[in-house]
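Reviewing the structure listed below.
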Amino acid sequence: MRGRRTVIRFAGVATLAVLALASAAPGVLALDPNEYSIYPLGALVVDVNALRSAASDNGFVVLDVPERPQTASGQSLDVLGADRLLVTSGARFYLRVAHAGMTYALRPSAAGSELVVVVAAALEEMEALGSVLLEMQELGIVGMDVDLGGRQTFARHALKGPAVPAGVALDSALYGLVVSEDWFAYAAAKSIALHG
């Protein structure tokens, strides 16, 4: 797991990116297809109703889950594999977009929200983040300034998954779920389900 600091600033819809890399070797950083990256975004203030509408207008499958789900929600969970997915529950949301060369997800975290980026082939970090953040800006999720400090990388397809950090009292399977690249696929593979 490695840490990295990235700050992106947008000027209107045009992409003006400034990359500030702390404790990194000089040169252009390429995202590795054998890893996935998690960027903490902190607390985002998003109008979820407006996001639902914008996502629907842009071809997303939108799944609304009640804050206190009942055993039968009446909505099929088959849509969780959709290439453009928005799941909302009250003020919280999970957004995933799968492109030919990259998949990203914006999801809730203990610190607010985090961005998960997975590439199919090596891709410059600036290029990947620029396109992701532009799409998120068009949906009304982020504004002009986005701080992507604290990037963490994890190996994809690792047999054991990441080790639980020292001092964290959490089962390794649950920690693996928290930091997995795809919550839904990981939960299905590990037979983890939410009941009640």
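Nothing in this text is a laboratory measurement; each read-out follows from the coordinates by a stated rule. Predicted model only: the values in this text are computed from it and were never measured. Neighbour counts run over all protein chains shown; Cβ positions are idealised from the backbone, glycine included.
If each residue of separation counts as 0.36 nm, what is the full-extension length gain between SER109 and ASP32 once their alpha-carbon separation is subtracted? Could you put the intermediate results ahead of the total?
Details: separation 77, 0.36 × 77 = 27.72 nm, distance 2.32 nm.
My answer for the length gained is 25.4 nm.
Taking a ≥ b ≥ c as the square roots of the eigenvalues of the alpha carbon gyration tensor, segment 103-157 is oblate, as a/c is not under 1.5 and a/b does not beat b/c. Mind giving me the FRET efficiency for ARG156 and VAL45? R0 is 30 Å, r the Cβ-Cβ distance, nearest 0.05 is fine. After rounding to 0.05, the efficiency reads 0.40.
Over segment 55-191, what is the relative contact order in whole percent, taking alpha-carbon pairs under 8 Å and six or more residues apart? Can you show the working numbers first?
Working: 126 pairs, mean separation 16.8, N = 137.
Relative contact order here is 12 percent.
For segment 73-196, the alpha carbon convex hull comes to 150 Å³ per residue, rounded to a whole number.
For segment 129-196, the relative contact order is 14 percent, taking Cα pairs closer than 8 Å that sit 6 or more residues apart in sequence and dividing their mean separation by the residue count.
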